[in-house]
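Contents: one structure, followed by commentary.
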Amino acid sequence: MSFPLLDASDISARKNLKWLFVLRNLMICVEALAVIISVYGLELPLYQAALTAVITAQLGFNWYTWVRLEEERIVVDGELFFQLCCDVLTITAVLYFTGGASNPLAWFFLLPLILTSTILPRIYTWYMVLFTSACYTLLMTFYKPLPAILPITLGPNTPPELHQLMDHHDLQLHVFGMWFGFVFSAVLVAYFVVGIADTLRQRERKLAEIREHTLRNERVVALGTLAAGAAHEMGTPLGTMAIIVHELIKEYGETDADLCKKMKILREQVSRCKQALSVLSASAGEIRAESGHPMPVSAYLDEVISNWRQQRPEGVLAVNKQGFEPSPSILAELTLTHALVNILNNSADVSPHFIELRARWTKDRLVLEIVDDGPGIAPSVSEQLGKEPVSSKENGLGVGLFLAFTTIERMGGTISMALRSECQGTLTRISLPVTLREAGL
């Protein structure tokens, strides 16, 4: 069961890498815009060539990230940490040519640290703390100083009231840079970090579902083991009963017609028990390879209905089939047939005078709706269906519905049972995958 966990982890890591790709694109645009405004708008003598080279290298690295996202290789935590370290080096290079630690945007080092603490294990967070602290410390000594940043002055034609307001607030480019850095960082944290956090929550929900499926599969394996043991234990007595019935029919068939008739009925019931045991063995996985084969949907439904009528000859079942012909194919397994027959039997138990089976199919799905006029299903029972054996019958074990849910979901389908809205009764809706290849379309 490790493969689903690995898939869930890879999907989450890949989504986080996409977030980093988008975030880096935004940072490249902001850096390029800041350089253009500083050089051509404010006419500050920056190291334009060096900054252009840094932004170009960042573009090249982000192109590599885009190519990496197209590959099918698993994205691991170490790769995400490497991506964030490259972003730290880019921030360090930009700050080196723009005043070092004196740059009001120097606290951008917090962004990779926030992202690391959000998407990676704790050990990587401490590595990032050491790395960003080291880069920030070096920028306090090694950097290219910015030209003198003077307060913004207004023209001679500006009203004196505005002059007094500007002098009062002492608006400086350095203060503006700090304000811009805060607003930009706040927007990034509010948007991207929240998005990454949503990805992590989705991953946790997926892992919780996988754990629940694992527990249910363990329960199914336990039931399958018990079923296989019961099949072996009951096989010998049923074989003995079949031999004795055959001998009785042979010995008294000509002298006692009534006894012979009853013996034949008993022989049929023994044969049904042996068929049920073969289904139990299939559920336990002993003959799974031989139990499934592609079969047209329409013919398969007819086979299921025929099997059910053999068990419930007195049952009333209305069938309504809708779909194109030739119908697509479905994997006809003994376990699936047993699950559908068991659901029909449950409906017949509570609604012996009316059951309706509605079937409709498209090119990729088969939808079955089983409707009955019974008392309906209690909400307390509905919540537990498919999660554990639950029975509303007095002497029932609840294993039938549990295995039916498990079988249908194992084949890629879905099943739900709910009260009918228009009247009393239960509506069971089943959706199963089909294929058009066997239909020749």
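Taking the criterion of being farther than 19 Å from Gly100 by Cβ, assigned to a loop (DSSP other than H, G, I, E, B) and not charged (D, E, K, R), the residues of the stretch 43-78 that qualify are Ile74, Val75, Val76. Counting only residues that are within 20 Å of Gln83 (Cβ to Cβ), without any contact (Cβ under 8 Å) to a residue 60 or more places away in the chain and among the β-branched types (Val, Ile, Thr), the stretch 25-55 holds 3 of them. If the condition is being under 18 Å from Ser431 (Cα atoms) and among the β-branched types (Val, Ile, Thr), then the stretch 337-351 contributes Thr337, Val341, Ile343. Within the stretch 331-344, the set of residues being in contact with a strand residue (DSSP E or B) (Cβ under 7 Å, 6 or more places away or on another chain) and either acidic (Asp, Glu) or under 29 Å from Gly376 (Cβ atoms) (or both) comprises Ile343, Leu344. For the stretch 91-206, the helices (runs of 4 or more DSSP H) that sit wholly inside it and include 1 or more residues that are assigned by TED's automatic domain parsing to the domain that holds Leu23 and modelled with pLDDT of 65 or more are 110-119, 122-139, 173-188. Using the structure shown, decide if Ser421 is among the hydroxyl-bearing types (Ser, Thr, Tyr) and modelled with pLDDT under 75. Answer is yes for this residue.
The values are calculated or read from the model by the stated rules, or taken from the named source; none is laboratory data. The model shown is predicted, which means the values in this text are computed figures rather than measured ones. FYI the Cβ positions are ideal-geometry reconstructions off the backbone, even for glycines, and counts take in every protein chain you see.
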